[in-house]
Amino acid sequence: MLRSSTPDDLQSLADDALLDAYVREGSVRHLGVLYERYMPMVYGVCLKVLKDPEQARDSVMNIYVELTRKAREHRVESFRGWLYVLSRNHCLMALRKNRRHPTDAVAPEDMHRYDAIEDAFQVEIAEPNKPLEKCLEELNAIQKQCVRLFYYENHSYKSIAEQLQQELGTVRSHIQNGRRNLKICLEKAGINSSQIN
Amino acid sequence: MEPALYTEDDRFRALLERWIDGDVTAAEERELFRLAQNDAFRQAALDGYLQFPETDHATVVRELRTRVHRPAPTKFQIFPWWMAVAAAMALLLAGWWFWPTQEQASAPVAAVEEKALETPEQIPDTAPLAMRSDKPAAAPPPAPAADPARAAKKSKPDAPLRDRPDTPIEAADIAAAEEAMSAKPLPPADAAPTRSAPMTPQMPAGKAAEPQKEKAAPEVWWQDLQRYLRTNARLTPEARNNNISGSVRLRGRLQPDGKLTDITFEETLGYGIERQALLLMQGFNWPIGKDTLLEIDVRFVR
């Protein structure tokens with residue numbers, strides 16, 4: 001697991017308690033535990049907005065620095081929601097500042113949905129059926145193998161990567177692309193992918 | 001916040017951790033996606049990861065966790081040693097750089113004038129014609145007596161200048177100066193003065209009728225002029241930025257109505273200093289009733 005070795009007594013504290021401890025005592029340790037709790041989500045938001053893992057990684061740390069200051073300046077009612085807005089705004093500002101890809105600017109209202117997640121939701125392969133099998137056969141060999149292992153044999157990404165001696169990220173990419181291709185294939189066949197389950 | 005949301009959020013974060021690590025199964029991934037649909041934060045976060053399926057997110061997240069728990073998370077909390085060294089080096093360099101400039105500022109006018117003569121004149125194109133010294137540097141001055149007088153002056157060390165108030169020159173003065181400068185054309189180089197006032201060695205003797213008498217007793221207004229120039233001659237910011245200092249020499253005709261006209265520059269420094277000198281000429285209260293050619297040095301030092 002990715003969980004760090006922070007003490008369990010702090011890990012078990014609620015968001016409010018950790019934030020209070022930081023505001024009252026200036027305990028960065030408490031704030032660190034609190035931020036760590038949501039940091040993978042913050043990183044995900046930054047990835048979505050910035051579309052650059054390097055920049056997203058830097059932004060996660062910059063947001064933490066900003067957090068250490070702002071958490072004491074503002075009265076925070078709901079830390080989680082406040083952190084989301086803070087992170088999103090920070091990354092949007094960073095994007096505006098960098099302007100490496102001006103056309104990639106994402107307005108907050110457009111962030112609500114992204115095609116990748118829809119693909120994932122609509123093509124869920126619960127059990128083999130005829131049109132799905134046909135589309136599955138049209139996938140390239142490695143995508144087909146990854147999809148079968150993941151959906152039919154219930155292997156994890158890591159397990160598939162070990163079996164096929166591939167990188168974890170590559171397996172994840174094959175499954176994601178295979179899923180998207182399946183959706184396209186099924187739509188061509190006149191089958192709504194949501195009918196599959 | 002509702003406890004149910006906390007529960008869902010905890011579950012989502014746990015599943016996200018598994019997804020990042022690659023431990024997630026198809027059933028867990030389905031649950032992860034379902035939970036993401038209920039909340040904007042979760043959905044945005046998952047969308048971000050799905051955009052980069054091949055990236056090794058686990059390593060990045062692990063590294064970020066380590067960094068978050070470092071003792072000094074804020075920027076600039078510690079002054080790094082290399083910044084201290086860099087600052088010390090910068091100070092040393094600045095000291096070395098400005099040392100010769102100070103010497104130059106206190107050098108005799110002769111040395112500065114020689115440098116100024118080598119420097120091409122830098123007068124803006126918009127300057128009046130009278131400001132441009134079209135004459136060659138070696139052109140004979142209208143008053144032959146000026147050369148020995150200048151030589152005598154160069155051999156003397158400069159007297160220390162008084163502290164000068166930092167008085168800005170008003171915009172109205174600039175307009176007045178420009179108007180005055182364009183009022184009359186440049187006189188011929190060998191034009192004979194109607195009357196010269198050689199009250200100091202800087203004054204051209206010209207073909208004056210009674211030069212010896214006036215040399216012996218400098219007039220009060222001339223002394224006032226020198227004091228006025230010492231007090232008000234200020235370097236322009238451009239000159240200051242370029243470490244320029246020294247003297248400009250100008251010639252002009254003092255009219256009976258108390259105006260200085262036909263001003264030409266014999267020696268210039270550029271960087272807007274000539275313009276400052278013109279403004280100074282316009283700002284002085286010249287005596288009335290004289291008709292004289294003048295040669296005036298204006299010192300601009302730090």
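The values are calculated or read from the model by the stated rules, or taken from the named source; none is laboratory data. The model shown is predicted, which means the values in this text are computed figures rather than measured ones. Positions of Cβ are generated from backbone atoms using ideal geometry, with glycine treated the same way; all protein chains shown enter the neighbour counts.
Observations on the model:
- Flag if residue A:45 is closer than 18 Å to residue B:9 by Cα and part of a helix (DSSP H, G or I): yes
- Test for residue B:66: is it at pLDDT below 90, within 19 Å of residue A:83 (Cα to Cα) and within 10 Å of chain A (Cβ to nearest Cβ): no
- Yes/no for residue A:89 being within 10 Å of chain B (Cβ to nearest Cβ), modelled with pLDDT of 90 or more and in a helix (DSSP H, G or I): no
- Among the residues of the stretch A:39-55, those identified as more than 7 Å from chain B (Cβ to nearest Cβ) and either touching a Phe, Trp or Tyr at 6+ places or on another chain (Cβ under 6 Å) or surrounded by fewer than 22 Cβ atoms within 10 Å (Cβ to Cβ) (or both) are A:52, A:54, A:55.
- Number of positions in the stretch B:33-63 that are of a type in the set (Ser, Thr, Tyr), within 16 Å of residue A:87 (Cβ to Cβ) and more than 7 Å from chain A (Cβ to nearest Cβ): 0
- Residue A:65 vs. criteria within 7 Å of chain B (Cβ to nearest Cβ), of a type in the set (A, V, I, L, M) and under 20 Å from residue B:9 (Cβ atoms): no
- When residue B:76 is tested against (1) modelled with pLDDT under 85; (2) within 13 Å of chain A (Cβ to nearest Cβ); (3) surrounded by 10 or more Cβ atoms within 10 Å (Cβ to Cβ), only condition (3) is not met.
- Residues within the stretch A:68-82 that are at the interface with chain B (Cβ under 8 Å from one of its Cβ atoms) and in a helix (DSSP H, G or I), tallied: 4
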